[in-house]
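Student: What follows is a structure written as structure tokens; I'll ask about it next.
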Amino acid sequence: MIIGSNMTEAHPVASTFLKNAVAKGAKLILVDPRAHKLADFADIHAQIAVGSDIAFLNSVMYVLIEENLYDRKFVESRTVDFDKLKEKVMEYPPERSAAICNVPAELIREVARMAASIKPMMLCYTLGITEHTCGRNNVVSTANLQMLLGNMGVACGGVNPMRGQNNVQGACDMGALPNVYCGYQPVTVPEARAKFEKAWGVAKLPDKPGLMIPQMMDGLVTKKVRGFYIFGENLANTEPDIRKVEHELGSAEFLVCQDIFPTETTRFAHVILPAAAWSENDGTFASSERRVSRVRKASEPPGVAKPNWWIFKEIAKRMGHDWASDSARELWDNEISVLAPSLAGIKYARIEQNGLQWPCPTEEHPGTPILHMEGRFTRGPGQFIPVDWTPPAEVPDAEYPMVLSTGRRLYHYHTRTQTGRCEGMNKLLGEETADISQADAMEMGIRDAEMIRVKSRRGQVAVKARVTPEVPKGMVWMAFHFRENNANWLTNPVFDPITLTAEYKACAVAIEKM
């Protein structure tokens, strides 16, 4: 099951393996508002309405329980709170959810039956699940489904997030989150704080989680945040409601950008630190399957560009700290693997070939290809967490009658900081389009490639229409690769209350001929 993921364009290499599997007889259930390329390979395409994932998944679980298709042995021996889940999903019979998700009730039943008929089923999702005000609950719902089916702790099963950018997994593993140190050791645990205080030679590390991006951005305006360090991110193009973001960045008292190229964000910087690119430095990446692999230097950094670790070390030196490690290898072998128990057995000498998957607690340990084996979850038994469907924060109305959803296109990466400098990529895709349905185009008299205006409560952009059968009636789909008609001039700066992930996948818009 692929839900909320256009793998063909967002993860083209992974999608090749998927298509090969389908060619060899694997079944594919696609759950997505758009009929993108994977729909051609799917046995079932459940074309749900934007933001209706929980209603759909609850209804699938309703059928699994009603028809006794779930894995009763797994549920009874390895999970808790099944009764709470059952009570909630019984509120979502297919007939009710059909009205929410625009998927026929019988197709929902067909999805449930197919999902139960093959063991195991792998579930993959991308940002189509997480970039909602209910993103955390969406993920919880996919986990509920896979536990109900007994597809956890087995090869080719599980809940598999296809990360939105390269090495997101590695960044999280290294503690690039406001609530944990490297190896996911909570800042709220006194023993973890004491360990890092000793290792870093400091006292009184904070005992509460730090700020997340939306809180930091707000803090620039209120002056709660006086110094802001942006490391390898183009916030001026990627955050929702660009006008709001530019006001926040412009309010910064002191802003540092560390990057490999000038970006829309570096325009606001007081200091720019030129960094080496990924191919200009040794290091490691961690994949979505928790595999830590070597990255080897292919070329020298240009000009005065330096490795990121070197820049951080030099800043620390000017603040009175003399950090011992003097290479990516020394950082990993002498600090990271020493301080993070789940990474303790991973050393550079062991990842020369195919890498290792954490947890890997000792140097004799072979790594962990599959998590939760035999139902051994981190917390003990797997816990069902019932969740209710909630609509997007902004839904279509008379003034803005369509829903805008956003994502990525095959030929460009993120904000084109890198791919925009490649002539060949720009020839393949040189401008943004607004993808609309054939029915909407006919109704409004809009021709393919004609300029239209897309408006939201935040702003408006002029962009070419791309009339396509991929998009259902009432939906507009855009990307954020190009500055002038970036979808984020329009998107809504509202966030999941727990993760503070923005709702990039749903806001109300209107379109008109120019």
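Student: Give the residue that is farthest from the chain's Cα centre (by Cα), with candidates limited to residues of segment 467-486 that are under 15 Å from Gly430 (Cβ atoms) and surrounded by fewer than 20 Cβ atoms within 10 Å (Cβ to Cβ).
Tutor: Glu484
Student: Being outside any loop (DSSP other than H, G, I, E, B), within 22 Å of His412 (Cα to Cα) and of a type in the set (D, E, K, R) is the filter here; which residues of segment 232-266 pass it? If you could, list the steps in order and put the result at the bottom.
Tutor: Just the residues of segment 232-266 that are outside any loop (DSSP other than H, G, I, E, B), to begin with: 235-238, 242-250, 254-259, 266.
Next, only the ones that are within 22 Å of His412 (Cα to Cα) stay: 235-238, 242, 258-259, 266.
Correct list: Asp259 only.
Student: Now a separate question. From the list Met425, Met444, Met475, Met402, which residue is farther than 24 Å from Pro240 by Cβ, of a type in the set (A, V, I, L, M) and in contact with a strand residue (DSSP E or B) (Cβ under 7 Å, 6 or more places away or on another chain)?
Tutor: Numbers: Met425 fails: in contact with a strand residue (DSSP E or B) (Cβ under 7 Å, 6 or more places away or on another chain); Met475 fails: farther than 24 Å from Pro240 by Cβ; Met402 fails: farther than 24 Å from Pro240 by Cβ.
None of the others qualify; the one that does is Met444.
Student: Of all residues in segment 364-395 being in contact with a Lys or Arg (Cβ under 7 Å, 6 or more places away or on another chain) and not in a loop (DSSP other than H, G, I, E, B), which is surrounded by the fewest Cβ atoms within 10 Å (Cβ to Cβ)?
Tutor: Top of the filtered list is Gly375.
Student: Now for a different question. Wholly within segment 1-104, which helices (runs of 4 or more DSSP H) include no fewer than the required count, namely at least 2 residues that are over 17 Å from Ala115 (Cα atoms)?
Tutor: Numbers: elements: 7-10, 12-23, 53-66, 72-78, 82-89, 94-101.
In segment 1-104, the matching helices (runs of 4 or more DSSP H) lie at 7-10, 12-23, 72-78, 82-89, 94-101.
Student: Which members of segment 19-44 meet the condition of being surrounded by fewer than 21 Cβ atoms within 10 Å (Cβ to Cβ) and either under 16 Å from Thr468 (Cβ atoms) or modelled with pLDDT under 95 (or both)?
Tutor: Hits for segment 19-44 are Ala35, Lys37, Ala39, Asp40.
Student: Does Asn144 count as surrounded by 23 or more Cβ atoms within 10 Å (Cβ to Cβ) and in contact with a Phe, Trp or Tyr (Cβ under 7 Å, 6 or more places away or on another chain)?
Tutor: yes
Student: Right, next: Please tell me if Ile315 is more than 30 Å from Glu484 (Cα to Cα), among the hydrophobic types (A, V, I, L, M, F, W, C), without any contact (Cβ under 8 Å) to a residue 12 or more places away in the chain and not in a loop (DSSP other than H, G, I, E, B).
Tutor: Taking the combined requirement at face value, the residue satisfies it.
Student: Just give me the residues in segment 77-104 being in contact with a Lys or Arg (Cβ under 9 Å, 6 or more places away or on another chain) and more than 23 Å from Pro161 (Cβ to Cβ), in sequence order.
Tutor: First pass over segment 77-104, keeping only residues in contact with a Lys or Arg (Cβ under 9 Å, 6 or more places away or on another chain): 78, 94.
If the condition is that a residue be in contact with a Lys or Arg (Cβ under 9 Å, 6 or more places away or on another chain) and more than 23 Å from Pro161 (Cβ to Cβ), then Pro94 is the only one that fits.
Student: Could you please let me know if Arg163 is outside any loop (DSSP other than H, G, I, E, B) and at negative phi?
Tutor: no
The values are calculated or read from the model by the stated rules, or taken from the named source; none is laboratory data. Just so it is clear, the model here is predicted, and its values are computed rather than measured. Virtual Cβ from ideal backbone geometry, glycine too; neighbours counted across all protein chains shown.
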